[in-house]
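Where a number appears in this text, it was derived from the coordinates with a stated rule and is not lab data. Note that the structure is predicted; figures quoted are calculated from it, not measured.
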Amino acid sequence: MARTQTQRKTAVRCADCQSIFTAEIEADGDVFLIGLGDRCDCGGTEFSRFA
Ligand SMILES: [Zn+2]
């Protein structure tokens, strides 16, 4: 599991189930949910970022 040096923690919301997660944003824009990985418990992989 490659990690970059430019991760930053933010809050995201799953587009499918509306759950809120703490996540890290990779340099390339990928979302990595803390404790879950790259997908939600519901299987969703689309997330909306909070400002
Ligand atoms: Zn979800």
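Our coupling estimate for segment 35-49, obtained by passing each phi through the Karplus curve with A = 6.51, B = -1.76, C = 1.60 and θ = phi - 60°, is x, 10, x, 9, 9, 6, 4, 7, x, x, 10, 10, 10, 9, 7 Hz, Gly and Pro reported as x. The fraction of all Cα pairs in segment 8-49 landing in successive 5 Å bins from 0 to the largest distance is 6, 30, 40, 20, 4, 0, given as whole percents.
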